[in-house]
There are 2 protein chains.
Amino acid sequence: MSGRLIIVGLGPGNPDQMTPEARAAIDASSDFFGYFPYVERLNLRTDQTAHASDNREELARAAAALDLALQGRNVCMVSGGDPGVFAMAAAVIEAIDRGKPEWKTVEMSVLPGITAMLAVAARVGAPLGHDFCAISLSDNLKPWGIIEKRLALAAQAGLVMAFYNPVSKARPWQLGRAFDILREHLSADVPVVFGRAAGRPDEIMLVKSLADARPEMADMATCVIVGTAETRIVERGTKPSLVYTPRFLKSETH
Amino acid sequence: MSGRLIIVGLGPGNPDQMTPEARAAIDASSDFFGYFPYVERLNLRTDQTAHASDNREELARAAAALDLALQGRNVCMVSGGDPGVFAMAAAVIEAIDRGKPEWKTVEMSVLPGITAMLAVAARVGAPLGHDFCAISLSDNLKPWGIIEKRLALAAQAGLVMAFYNPVSKARPWQLGRAFDILREHLSADVPVVFGRAAGRPDEIMLVKSLADARPEMADMATCVIVGTAETRIVERGTKPSLVYTPRFLKSETH
């Protein structure tokens, strides 16, 4: 008797931004794993069981979920945003790759979600309108030197950048250092968007220049988007300004 | 009397992957603009009007939509995937930026959607599990030389790459040239995913090595994902293989 494991993206937090297939997978599951704020968001029925856990316990969480699926349960692993972007899908598959051989027999699927950078971009316009990259600033997961190298190369490449995990209590200085590196490569007036809780009642969107961007403007729940030389801010009088990166790029600009 | 313009992401094509807020915006709109296959997908009511147009007419389409919103209509501009990723949001805001001053008074919002790379990644595992970039291979929108430079820098940075607009009838050679450039920087066994129509009945997912990747494996509707030196393929016997990029990166590998 074998159950299954579905890894579900909940989107940015607004229930109207969760896909119907994600909603259906939640309704059809018996057991729920994930970081506890995401599991709490689900409003589970009394016949559904929460197995919430703390952050930074991803591999143990994946192992427990796979074991329960092997026992025949309909298991759901939830991630905020999209499960494939700095989230649980890679952790579960890493467990399948390196863990118990029988985990390879578990029926498993991944359901995508609206990831933070898309939700934040939509609220301010279209800052990701041209080529872009997504970089996690967490040096829990990779050496800081590699992050610095990636920032410099992405700036040289003219890519818009979206930063995930920009700051935390344990990582207070990394975002400020990232801005310093970018100031060596990009001009002071490049727009920087600080997007927190996009689409939720406590949403905060800040648009600054790179010169004025400060790490205190972000917290754990913020996605930071740094534009390029082409990114523009459109003033609209009393309406909020729009930030966009044009689709066209002329050769003279590079 | 002023109407409004909502720019809506329809997701990859499976209705179960369209968000409820996108669905509600469509139901509440009177006039629809967009590339004709996307408008056809909507099954409009008899009191709703389609203004579909061909591809590569984005600015004219944006202008017509803004004019109609100014006349008091509830206008909806649709994009496949996410409207902020190589799609209509940047075109509309460019029109607002550079066009008629009164367009700045139009009530306008953007609703995000599941973009192709997230849908494709979910179907094969978690190839975007670590830092990644999204690059359009269309040299209608930028000089080919800039694309070559970006490919080389992204490979040096160790970013997973998702290619949008990889080929078309008018751009037959660009994807093959991109693979050639990447072979100069990445090893032959790096996984390459060709994902077409993710989540739809006609879905095709191919996983190849960079050595075996051929441009004929993609068409206009394909999103191509190229891994890094860390990206792994997990064989599972009779089940489809999984592709993932681990969350952790050790310093020795770079």
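The values are calculated or read from the model by the stated rules, or taken from the named source; none is laboratory data. Just so we're clear, the structure is a prediction, and the values are computed from it rather than from any experiment. A quick note on method: Cβ atoms are made from the backbone with ideal geometry, for glycine too, and the neighbour counts reach across all protein chains shown.
The residue that is nearest to the other protein chains (Cβ to nearest Cβ), counting only those in the range B:146-188 that are in a loop (DSSP other than H, G, I, E, B) and under 21 Å from the mean Cα position of the chain (by Cα), is B:LEU159. Kindly check whether there is at least one residue in the range A:110-124 that is within 9 Å of chain B (Cβ to nearest Cβ), in a strand (DSSP E or B) and farther than 18 Å from A:GLY227 by Cα. The answer is yes, given that some residue of the range A:110-124 is within 9 Å of chain B (Cβ to nearest Cβ), in a strand (DSSP E or B) and farther than 18 Å from A:GLY227 by Cα.
Inside the range B:6-19, residues that are assigned to a strand (DSSP E or B) and closer than 15 Å to A:GLY9 by Cβ make up a count of 2.
For the range A:222-244, a residue qualifies if it is in a loop (DSSP other than H, G, I, E, B) and facing chain B (nearest Cβ under 9 Å), and exactly one does: A:GLY237.
Quick one: is A:MET161 touching a helix residue (DSSP H, G or I) at 6+ places or on another chain (Cβ under 8 Å) and crowded, with 16+ Cβ neighbours inside 10 Å? Considered against the rule, which asks whether it is touching a helix residue (DSSP H, G or I) at 6+ places or on another chain (Cβ under 8 Å) and crowded, with 16+ Cβ neighbours inside 10 Å, A:MET161 comes out as yes.
When we screen A:THR228, A:THR238 for residues that are closer than 19 Å to B:ILE93 by Cβ and touching a His at 6+ places or on another chain (Cβ under 9 Å), the only hit is A:THR228.
The numbered conditions (1) touching a Lys or Arg at 6+ places or on another chain (Cβ under 6 Å); (2) modelled with pLDDT under 95 are all true for B:VAL192 except (2).
For the range B:1-27, a residue qualifies if it is touching an Asp or Glu at 6+ places or on another chain (Cβ under 8 Å) and aliphatic (A, V, I, L, M), and the qualifying residues are B:LEU5, B:ALA24. Annotation: of all residues in the range B:27-57 being surrounded by 21 or more Cβ atoms within 10 Å (Cβ to Cβ) and outside any strand (DSSP E or B), the one that is nearest to the chain's Cα centre (by Cα) is B:TYR38. Being at the interface with another protein chain (Cβ under 10 Å from one of its Cβ atoms), of a type outside the set (Gly, Ala, Ser) and under 30 Å from B:ARG23 (Cα atoms), is that true of even one residue in the range A:29-45? No, the range A:29-45 contains no residue that is at the interface with another protein chain (Cβ under 10 Å from one of its Cβ atoms), of a type outside the set (Gly, Ala, Ser) and under 30 Å from B:ARG23 (Cα atoms). Residue-level analysis places A:LEU68 among those that are more than 7 Å from every other protein chain (Cβ to nearest Cβ), among the hydrophobic types (A, V, I, L, M, F, W, C), in contact (Cβ under 8 Å) with a residue 40 or more places away in the chain and surrounded by fewer than 21 Cβ atoms within 10 Å (Cβ to Cβ). Only a single item in (1) within 13 Å of chain A (Cβ to nearest Cβ); (2) part of a helix (DSSP H, G or I); (3) in contact with a helix residue (DSSP H, G or I) (Cβ under 7 Å, 6 or more places away or on another chain) is not met by B:ALA22, and it is number (3). Scanning the range A:211-247 for residues that are hydrophobic (A, V, I, L, M, F, W, C), out of contact with any Ser or Thr (no Cβ under 8 Å at 6 or more places or on another chain), surrounded by 14 or more Cβ atoms within 10 Å (Cβ to Cβ) and closer than 30 Å to A:ARG171 by Cβ returns A:ALA213, A:MET217, A:ALA218, A:ALA221, A:CYS223, A:VAL224, A:ILE225, A:VAL226. Output the residues belonging to the range B:63-86 that are over 30 Å from B:ALA198 (Cβ atoms) and of a type in the set (D, E, K, R). Result: B:ASP67, B:ARG73. Inspect the range B:98-107 for any residue being in contact with a Leu (Cβ under 9 Å, 6 or more places away or on another chain), more than 7 Å from chain A (Cβ to nearest Cβ), outside any helix (DSSP H, G or I) and closer than 25 Å to A:ASN14 by Cβ and give the result as yes or no. The answer is yes; a qualifying residue exists.
Condition check for B:ALA122 on (1) more than 25 Å from A:MET117 (Cα to Cα); (2) under 19 Å from the mean Cα position of the chain (by Cα): one failure, at (1). In the range B:71-95, of all residues being of a type in the set (A, V, I, L, M, F, W, C) and without any contact (Cβ under 8 Å) to a residue 40 or more places away in the chain, the one that is farthest from the other protein chains (Cβ to nearest Cβ) corresponds to B:ALA95. Taking B:VAL207, is it part of a strand (DSSP E or B), within 14 Å of chain A (Cβ to nearest Cβ), touching a residue at least 60 places away in the same chain (Cβ under 8 Å) and surrounded by 19 or more Cβ atoms within 10 Å (Cβ to Cβ)? For B:VAL207, the condition - part of a strand (DSSP E or B), within 14 Å of chain A (Cβ to nearest Cβ), touching a residue at least 60 places away in the same chain (Cβ under 8 Å) and surrounded by 19 or more Cβ atoms within 10 Å (Cβ to Cβ) - is met. Reported count of residues in the range A:41-59, each being modelled with pLDDT of 90 or more and touching a strand residue (DSSP E or B) at 6+ places or on another chain (Cβ under 7 Å), is 6.
Is there a residue in the range B:81-94 that is outside the structural domain of B:ASP180 (by TED's automatic domain parsing) and in a strand (DSSP E or B)? Within the range B:81-94, one or more residues are outside the structural domain of B:ASP180 (by TED's automatic domain parsing) and in a strand (DSSP E or B).
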